[in-house]
Structure formats: structure tokens, C-alpha cells
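This report concerns only the one structure given below.
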Amino acid sequence: MRTQFIKTDMGKKVKKDEKPPPDDVFDPLLVESRQAGTVVLMLSSPEEDVQAKACEAIYKYVDKCDENKKQLLDLNAIEALLPLLQSEDRIVRRNACMAVSVMTAHPEVRKKLRKNEEAIPAMITLLAPEEDTVVHEFCALGLSQMAIEFSSKAVIFENNGIEPLVKCLSSSDPDVQKNAIETLAQLLLDYQTRAAIKDADGLSPMLELLKSEFSIIQKLALLALDRASQDADNRGALRELEAMSKLVDFVAHPEWNDLHVMAVMVLANLLEDHESLELVKETGTLKRLVALITDQPPPEEEAKGGGGKGGKAEKGGSRAAKKSAKDGGKSSRGKKSSEEKEESIPGEAIIPTLPDVKMCAAKAIARSARSAENRKILHEQEAEKMLIHLLAHESTEVQTAAAQALGIMSENLLTKDSIREWEGVQPLVKLLNSDNGDVKEAASLALANLTANNSTNCHDISNFNGIDALIHTLADAREEAVANAACCLTNMATEEALRSDAQNKHIVVKLIEPLKSKNTNVQSKCSLAVAAYVCDADSRADFRNNGGIEYLITLLHSGNDEVRRNSSWAIAVCAVDEQTASEVCKLGGMSVLQEIQVSGTRRNPFADVALQNLLNSNLSAKYSLTGALSSTNIILDGFYDAGQMRPGSQFLSLEDYCKQELHDKRPVLLVNAKPESAPKESQSNADAEMAKDSSKRVYLGNRPVLEGKLRRIRKGSGERKSKAQKEKEEKQREEEIQAQLQREAENQSTTDNKPFEMPCDSNLCQYLEEITEKIQPLQTTREQVVALAQYVSDHMGGPIEKGELANFSWELPISQIRYEMKSNVVPIGKIKTGIHIHRALLFKVLADRIAVGCTLNRGEYNLAWNEVMLPDSDDTPGAPKFPPRTFVIDLVHCPGKLLRADSADAAQYQQL
């Protein structure tokens, strides 16, 4: 025992006895360590005080930088810290939790913790209510870091981590709230958490966090609400919690303008439900939102503060007063008085919302308007006014969002009229001239939807020079804008006046360039626009002359069904006149349509109509392809029979056949009753002069010279001339010869550049005159048919006995005609000895000219026949009347005999 003497104030010394520590107790040792490894070893100490201080030292060390976190990870600090999370000592648990949570910011640490199955459950356990606030704060922080990976989200959910996190939202410590809401925001990316958050009563605390003094907490709360509201059940729960009114109130606070975008995004999710729109309609929340977005005063009923909403506003104000009371009563009263002063003058100092908020609000309306029921409610709430107001905003993003929303809203019939009445068409047309591609695309979409089945809007767009702007948009680099403009112009083409106006502005030519696009939507819409505007001969001629037919035929090869359908329809409209139909055939369009027709996957009814129109406008191709012409197919001048078309072969034009050299194949039969045109006087004089010069031209050596010049040369050859005279005469002769050769070359060039003219058929002209005079006046159709059949037979070699057809000489005379004409094309009137195929064609040609309806059908081996519909010949009064019957006309064996189409004689006539 040690004895110490202590001096007192009186100067006397007092003896004090001090007991020494027990022999089995180690004296306290103060260790100063500067190595992290030493501290990690201290974590394994059995003394709780040492563990607590080691954890605290590690927390301070890893909080400095990420390199320190990695260093301690390599020293196996995680393995030593995790058991301490379950220590019985509160301080050890707290410090260990702080160290582990801070270390989770490093991805390698998180990877290590994911491999340990007890790490996350231990952190969730520390969220129990009896733990310290600091523990809650750092456990929530660690879980928020771990929740970045989806595998950790699943582990937190499986270990029932949602409920303790939700309870932390109601903590009085803002750091706990911040970390807890951040963790939940991460977890809500998983659908399981979104479904479970409602059952855990987590939505109400989230809404309460919107009133926090800290913007980061408000931001995270809005982020969590945005993700939670993607679930339909959660949206229903938020409606019951009056979330939409609270969010609109949040937007009404200008001091939180940096978070208004996120609040509107949550509103956008909520407004997707029809029930939500019904609720905001009843409560007037939507009108309040519209007023805020358009920077206008709130509705009158809210400005007055009446009704239940006014009570809620007062309640919210009292909460704010209570909250501010912590900072002092004077400041609270001053703030309250200033607020009352501001509220006393509504609309005096309106702070405009940010452009991003306006853009998000317009997008929210667009998302909600995707449903027909929602569009109806939005129209009743006059949401179009807000969108039209936003079209005039200076921000292109706001303009784009507003135009897109109007485009979707325009699918409602009443909305189309409302937009026009509220003067929304003019700003949309004006936006077509914007330099921004997004704005132009959105405006063109809105106009396309506005003009669908609405002629009034079409005229309104025209009044604002919209046709010029739309045609100009067809050349835009933005492909979707081009497609929308083409769609709008197609809608406007239903009005004849607007269609004519657009045609006068050369819209048909402007549509050719977009047809070259690789975008299937552009191809489809522009093909449909072509079909709408090539409805008259002039437009078809412009389209054809500018090469538009070629691109339409190219689109027939498209793999897109809609492109093939629309291009087929455009060709069907183009092919109603003969010239365009011939151009389509020349470019191979008929072959492509035939391929589509026989395809099992590519066939469509529009291709069938296109092929039918093409053949009806080009009867030569129709007869060559199908071998049949109906009574409605009237043969006109220019028709030619080139024989049955073989599969895979291309149908040639008459000009191509005329340019072919003579061959021994079947001749081409031509119908041309046009009288031969008289040559121009100047051309005939030039030809006569050329012929006269040619007759007088002789050759001297290898050079052509005129006959008169040759006589002068011969006459002067015996005379003596000076050398200068001879050279002068020689030079003159050369000049005259060169001039003559130049004139001949010009004449030949003129002949080559002359347009193609069909061979004239004077005999057919005579036939037409004769039947018009003799057969057409006959009283009945039957008499006309019989007389015409006899007439054709008489001019084609007369009747031929059955069995004698093989002995009937018809090939040699036709060959002689071909040789005389130096052509494979033979006019039908020049044939004097013809068989079935020639007589049937001539009968059809003549019958069509005197309005006798008949068909023309091709058989095999040069067989052809005509069929007519004739009524019953019994004119006895009271006799029964039967429908007209079909007869086959005999033109060969017994000319004029009518054979019942279903008789054996008719069948024998149609066969060899």
C-alpha cells in the first residue's frame, strides 16, 4: 500500500491511503497507431471499448477517400466489421454500422457484401425502432448504396426491408428521411417493390415529405412517387390520399420551381387513369394546373377561397405556421402577414413557371389523351386552350410538346372544332415554317389529325396559306414531317377546290422526290397522296412526264404491306388513261402486279384493282394477257393484237413492234381508222426539192455532183482555162456539194425526230363508212349482228366449208402484205383472206363503232370468237319474256348464224 500526503489549505499535511489495482488486472495502455492494419486487428479484440474506438477510427479513415475504402477491403476489414453489427454493445453496433455503410460507396465493397448472405439482413435488423437515430441514418445510407444493383434489391425485398424503411420516413431526423427515401426510390425500380409499397403504407409518408424544408428530400420523394405511380394500384391509393391536389399545390409554390418538373411527371402518371381525370374534373384541380402552366390567375372559386378546398388551404397554412414557430414567433407572424397580403391581391404578382414545367405539363396531357374517355374529359375541361397558349411560347421544346398534345387530342371530333374556334390552326400553320425539325414534325402531325374527316379545318388551313407551307414541308429533311405533311394534303384533297389549288401549285411534281425515300412511312403516305391528286388527265400527264411512274413501280417491290397497298392504289388511279397505262406496262409494272397477284403473302385487293384498271386502259395488253375482252371494252384506234403473251415475257409497245426487223412469226394485227394526215406544205416542198436534187445527182469519181454541173464541167474540159480560173471553179463546186450534203443531213435528222405514226388503214375507214350507212340503221340488234357477220365474212374471203379450213390459203396473202409494208405490223383492213382470229377481231372493231355490244375471246391455234347477248326473238303479244341469252356468232362456216353458247355447235366452233 502506498501512502501519500496531501497539503491542505491550512498548510497541514493529511495522510491519504490509495489501494493498488488487483494483481490480475492489466494496467490501462494508451496505444497510438498510424497503420490501418493495426486498427483492423483491434476489431478482433474482446474489449468492447477497443472495438468501438477501432470502428470509429475506420469510419473516419474511409470517409476521406475511395482509396482508403479499397485499402481496408484488401485488409479484410469487412469480415471483421460484419460480426460487430450484431454486437451487444450499442456503441460498437453504431460505429461498425457507420464504417460499413460509408464503405458501401465503393463498388468492390458492395460486391463483397453481396457474396455475404448475412450482410444485408444485418443492416435491415439495425433499422429497428429501438436503435439510435445515427444507426438508422447510416443503415439506410448503406442500403441505398447496396440497392443500386438489382440483385441487392431482391435481397432487401426478400428480407422484409420495405416496412422498416417506410417507418424511417417518419423520423424526426432529416438525414434518416433522406437516406430512407433514397433507398426506397432505388427499390421502386423493381416491380415487386412497386406492388408492395402500398401494403406497407409507404405512399402517405412520401407525400408528407413534399413539405420538407430540404429540397433534396423533396426531390427524392418526387422521384419515389414517380416510380411508384407507374403501378395502377398505387395510382388508386394516391387518388384516395388526394395526391393530385397536393402535387398541384406543390407546383403553386414558385420557390420550389426547380422541382416542379418532377411534380408534373408524377401528375402525368396519375392522369393516365380515367378515374383520376374524373376526380380532378370534380375538384377543379385540372383547371388550377392549367392556370399555373399558362401563367394566369387561378379560377375565381379558388381565388375567393370558398368551399372545401379553402378549408384545406387554411389547414395547410396552419401547418406551415406551426412549423415556422420553431424559428420564432415574430418571423412566423411576419411571414403569415406577408402571405395574407399577397393572397389579398390575386394575380398581381404571378411568377411564370419554367419552360421545362410547361413542356412536361403538355406531355402529361398528351399521355392522358391516349384514351378516348380521357380525351373527352380533357375537352370538357378546355385543355386545348392551354396547349394553344403554349404554342406561342418562345421555347421550341414547349412548342413541340404542345403541338404533339394537340395532335393526340385532335382524335376527338369535338376537339377538332374547338381548336379551330379557339384560333389554334393559324399558330400550327406558322410552326410549319420553323427551323426546328421537332417543332415542324409535331405541327404537321397536329394538322394531319385536325384535317381528318373535317372539311372546315381543311379550308381554314388553306385560308392561312397552309397549302404552300405543307408543300414546302414535302422537301424537308425530317422524314416524319414529310409523312405528316403528305397525310394532311391527302385529307385536304377530298375538297375539290383545295385539290385544284394544290394541283396548280405543282403538288404532283413535288410528291415525286419523297417517293425516293427509304422510310416506309414516307413511302406509304406519299403514295396515298399521289393517288389523291392524280385524278385528272393533266395531273397524270405531269406525274408521268416527270418520271413519277417509275418510282411507284419500284415501291411495288417493297416488303412493307402498307407501302405495297398504297402504291398499288396510286397505280390504279394513274392507270385510268391509256397513255399512263402504256407507260406502266413499258416500265414493267404489269409484270410486277402479276407477281403480286399470284403471291400468297404479298397479294392485296389494291393490286388486283390496279391490274384490272391497267388492263382496261390498255386493251392491247389485256387481250394479250387474258385473251378476252368484254362488251364494255371498246376497241379504239391504236389497238393491236400481238398474240398470247407468254409467262415471264414483257409486253412491248406498238412502236417497238414497228421497229423490229421482218421475221417469220405471227404478225401483229393493228386497228387504226384514223385518216392519213396531210403533210405540211413546207415539209412536202422540202421533200420534193430533195427528190428533184437526188434525181439530178450523179457521181464523179467518189463525189456526188449535180447533173447540170457535170455538163458544165464536160463542156469546159476542152477549153483552155487559166490555172486561177480552174482553182476558183473547183472551190465553188466543193462549197455547193458541202451545202447540199448539209441540207440532206438536216432533212434526215428531221425525219428521225418525227413522232411515231401508226400505219394508216384506209380500208378500215371505208368499212366504217359502209356499215354506218347500211347496217347501223337496221331496227333490231339481231339484224345488225347477222348483217355485220355476213359483211365481215364477205371482206375476209367468204364462207369456208367445215373441214376445208386447212385448204384455205390465208398465210401467203398476209405475208405478201408484210413484205410490201416492210413491217411485222399489219392493219386489219388490209387483210382480205382471214380466218377466225382475223374475222373475230374485225367484227369486234366494227361492232363497237355502231354500238353493238359483243365480246372477243381468244382460243388455241388461231381460234377466236365473238359472243353477244340477244333477247328472245318471239314478239307475239302475250308470249312469255325471258332474259337475254348469250350467242356465239359464226363468222366462218355459216356467216350470221347465231349459236347458243351452251350448245354443241358453239363448242365445236370454238375448237378445231
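The values are calculated or read from the model by the stated rules, or taken from the named source; none is laboratory data. Note that the structure is predicted; figures quoted are calculated from it, not measured. All Cβ positions, even for glycine, are placed from backbone atoms using ideal geometry, and neighbour counts span all protein chains on display. Ligands, DNA and RNA are excluded from the accessible area calculation, which covers all protein heavy atoms including side chains. Shrake-Rupley method; radii C 1.70, N 1.55, O 1.52, S 1.80 Å.
If you go through the range 156-177 one residue at a time, do you hit one that is at pLDDT 90 or above, over 20 Å from residue 204 (Cα atoms), open to solvent by less than 50 Å² (accessible area, probe 1.4 Å) and not acidic (Asp, Glu)?
So far as the range 156-177 goes, yes, one or more of its residues are at pLDDT 90 or above, over 20 Å from residue 204 (Cα atoms), open to solvent by less than 50 Å² (accessible area, probe 1.4 Å) and not acidic (Asp, Glu).
Anything in the range 782-802 that is in contact with a strand residue (DSSP E or B) (Cβ under 6 Å, 6 or more places away or on another chain) and surrounded by fewer than 18 Cβ atoms within 10 Å (Cβ to Cβ)? List them, or say none.
Selection gives 782 alone.
Quick one: would you say residue 147 is surrounded by 24 or more Cβ atoms within 10 Å (Cβ to Cβ) and farther than 20 Å from residue 87 by Cβ? Walk me through it before giving the result.
Details: surrounded by 24 or more Cβ atoms within 10 Å (Cβ to Cβ): yes; farther than 20 Å from residue 87 by Cβ: yes.
Answer is yes for this residue.
Please work out if residue 759 is surrounded by 15 or more Cβ atoms within 10 Å (Cβ to Cβ), assigned to a loop (DSSP other than H, G, I, E, B) and under 60 Å from the mean Cα position of the chain (by Cα).
Details: surrounded by 15 or more Cβ atoms within 10 Å (Cβ to Cβ): yes; assigned to a loop (DSSP other than H, G, I, E, B): yes; under 60 Å from the mean Cα position of the chain (by Cα): yes.
Here the answer is yes, as residue 759 does meet what is asked.
Just for the range 586-602: of the residues that are of a type in the set (A, V, I, L, M) and out of contact with any His (no Cβ under 9 Å at 6 or more places or on another chain), which one is surrounded by the fewest Cβ atoms within 10 Å (Cβ to Cβ)?
Kept after step one, since they are of a type in the set (A, V, I, L, M), are these residues of the range 586-602: 587, 590, 592-593, 596, 598.
Keeping just the survivors that are out of contact with any His (no Cβ under 9 Å at 6 or more places or on another chain) gives 587, 590, 593, 596, 598.
Values: 587: 17, 590: 26, 593: 26, 596: 21, 598: 8.
Out of the qualifying residues, it is 598.
For the range 832-843, state whether one or more residues are open to solvent by 20 Å² or more (accessible area, probe 1.4 Å), within 27 Å of residue 757 (Cβ to Cβ) and among the charged types (D, E, K, R).
Yes - at least one qualifying residue is present in the range 832-843.
Among the residues of the range 125-137 satisfying the criterion of being open to solvent by 20 Å² or more (accessible area, probe 1.4 Å) and in a helix (DSSP H, G or I), which is nearest to residue 88 (Cα to Cα)?
Looking at the filtered set, the residue picked out is 125.
Within the range 97-109, can you find the residues that are in contact with a helix residue (DSSP H, G or I) (Cβ under 7 Å, 6 or more places away or on another chain), open to solvent by 20 Å² or more (accessible area, probe 1.4 Å) and assigned to a helix (DSSP H, G or I)? Step through it out loud before you land on a result.
Of the residues in the range 97-109, the ones in contact with a helix residue (DSSP H, G or I) (Cβ under 7 Å, 6 or more places away or on another chain) are 97-106, 108-109.
Pick out the ones that are also open to solvent by 20 Å² or more (accessible area, probe 1.4 Å) and you get 98, 105-106, 108.
Once the filter is applied, which keeps residues that are in contact with a helix residue (DSSP H, G or I) (Cβ under 7 Å, 6 or more places away or on another chain), open to solvent by 20 Å² or more (accessible area, probe 1.4 Å) and assigned to a helix (DSSP H, G or I), the range 97-109 yields 98, 108.
Would you check which residues across the range 460-479 are part of a helix (DSSP H, G or I) and crowded, with 16+ Cβ neighbours inside 10 Å and list them?
As a first pass, look at the range 460-479 and keep what is part of a helix (DSSP H, G or I): 460-463, 466-473, 479.
If the condition is that a residue be part of a helix (DSSP H, G or I) and crowded, with 16+ Cβ neighbours inside 10 Å, then 460, 461, 462, 466, 467, 468, 469, 470, 471, 473, 479 are the ones that fit.
Among the listed residues 772, 751, 780, identify the single one that is at pLDDT below 65 and closer than 30 Å to residue 830 by Cα.
Values: 772 fails: at pLDDT below 65; 780 fails: at pLDDT below 65.
Exactly one of 772, 751, 780 is at pLDDT below 65 and closer than 30 Å to residue 830 by Cα, namely 751.
Scanning for something assigned to a helix (DSSP H, G or I) and free of Cβ contacts under 8 Å to residues at least 12 places away in the same chain, does the range 582-595 turn up at least one residue? Write out each step before concluding.
Step one: filter the range 582-595 for residues assigned to a helix (DSSP H, G or I), giving 582-586, 589-595.
Filter once more, so that each one left must be free of Cβ contacts under 8 Å to residues at least 12 places away in the same chain: 595.
Yes: the range 582-595 contains one or more residues that are assigned to a helix (DSSP H, G or I) and free of Cβ contacts under 8 Å to residues at least 12 places away in the same chain.
Are any of the residues in the range 449-469 farther than 22 Å from residue 508 by Cα and of a type in the set (Gly, Ala, Ser)?
Among the residues of the range 449-469, not one is farther than 22 Å from residue 508 by Cα and of a type in the set (Gly, Ala, Ser), which makes the answer no.
Among the residues of the range 575-628, how many are more than 27 Å from the chain's Cα centre (by Cα) and of a type in the set (Phe, Trp, Tyr)?
1
State the number of residues belonging to the range 392-417 that are out of contact with any Ser or Thr (no Cβ under 6 Å at 6 or more places or on another chain) and open to solvent by 10 Å² or more (accessible area, probe 1.4 Å). First the steps, then the outcome.
So the first thing to find is which residues in the range 392-417 are out of contact with any Ser or Thr (no Cβ under 6 Å at 6 or more places or on another chain), and the list is 392-408, 410-415, 417.
In the following step, the residues that additionally are open to solvent by 10 Å² or more (accessible area, probe 1.4 Å) were identified as 392-397, 399-400, 404, 408, 411-414, 417.
Final tally of qualifying residues: 15.
So is residue 553 in contact with a Gly (Cβ under 7 Å, 6 or more places away or on another chain) and either surrounded by fewer than 23 Cβ atoms within 10 Å (Cβ to Cβ) or on the phi > 0 side of the Ramachandran plot (or both) or not? Can you show your working first?
Values: in contact with a Gly (Cβ under 7 Å, 6 or more places away or on another chain): yes; either surrounded by fewer than 23 Cβ atoms within 10 Å (Cβ to Cβ) or on the phi > 0 side of the Ramachandran plot (or both): yes.
So residue 553 fits the description; yes.
How do the pairs read when you match residues in the range 833-861 that are of a type in the set (Phe, Trp, Tyr) with residues anywhere that are part of a loop (DSSP other than H, G, I, E, B), using Cβ under 8 Å and keeping only pairs 6 or more apart or on different chains?
Close Cβ pairs satisfying both conditions: 843/854; 843/866; 843/891; 861/912.
Would you pick out the residues in the range 221-258 that are among the acidic types (Asp, Glu), open to solvent by 60 Å² or more (accessible area, probe 1.4 Å) and assigned to a helix (DSSP H, G or I)?
We begin by selecting, within the range 221-258, every residue among the acidic types (Asp, Glu); these are 226, 231, 233, 240, 242, 249, 255, 258.
Filter once more, so that each one left must be open to solvent by 60 Å² or more (accessible area, probe 1.4 Å): 233, 240, 242, 249, 255, 258.
Those that are among the acidic types (Asp, Glu), open to solvent by 60 Å² or more (accessible area, probe 1.4 Å) and assigned to a helix (DSSP H, G or I): 233, 240, 249, 255, 258.
Pairs only if they're at least six apart or on different chains, beta carbon under 9 angstrom, first in the range 804-827 and hydroxyl-bearing (Ser, Thr, Tyr), second assigned to a helix (DSSP H, G or I); list them, first residue then second.
823/657; 823/658
When the residues of the range 430-453 are filtered to those that are under 15 Å from residue 472 (Cβ atoms) and touching a Leu at 6+ places or on another chain (Cβ under 9 Å), which remaining residue is surrounded by the fewest Cβ atoms within 10 Å (Cβ to Cβ)?
Of everything passing the filter in the range 430-453, 430 is surrounded by the fewest Cβ atoms within 10 Å (Cβ to Cβ).
Just to check your reading of the model, which residue among 144, 151 is assigned to a helix (DSSP H, G or I), out of contact with any Gly (no Cβ under 9 Å at 6 or more places or on another chain) and closer than 24 Å to residue 204 by Cα? Before you say what the answer is, go through the steps one by one.
Numbers: 151 fails: closer than 24 Å to residue 204 by Cα.
Being assigned to a helix (DSSP H, G or I), out of contact with any Gly (no Cβ under 9 Å at 6 or more places or on another chain) and closer than 24 Å to residue 204 by Cα holds for just one of 144, 151, which is 144.
Since residue 425 meets every condition but one in (1) open to solvent by less than 10 Å² (accessible area, probe 1.4 Å); (2) at pLDDT below 90; (3) among the aliphatic types (A, V, I, L, M), which condition does it not meet?
That leaves (2) as the condition not met.
One line per residue, one yes/no per condition, for (1) small (Gly, Ala, Ser); (2) open to solvent by 80 Å² or more (accessible area, probe 1.4 Å); (3) at negative phi; (4) within 59 Å of the chain's Cα centre (by Cα):
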position	(1), (2), (3), (4)
48	no, yes, yes, no
55	no, no, yes, no
65	no, no, yes, yes
71	no, no, yes, yes
82	no, no, yes, yes
87	yes, no, yes, no
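Step by step: first the residues of the range 636-667, then only those that are in contact with a strand residue (DSSP E or B) (Cβ under 7 Å, 6 or more places away or on another chain) and assigned to a loop (DSSP other than H, G, I, E, B), then the one that is nearest to residue 816 (Cα to Cα). Which residue is that?
Of the residues in the range 636-667, the ones in contact with a strand residue (DSSP E or B) (Cβ under 7 Å, 6 or more places away or on another chain) are 640-642, 644, 654, 657-658, 667.
Subsequent filtering for residues that are assigned to a loop (DSSP other than H, G, I, E, B) retains 642, 644, 667.
Working: 642: 19, 644: 23, 667: 12 Å.
Looking at residues that are in contact with a strand residue (DSSP E or B) (Cβ under 7 Å, 6 or more places away or on another chain) and assigned to a loop (DSSP other than H, G, I, E, B), I get 667.
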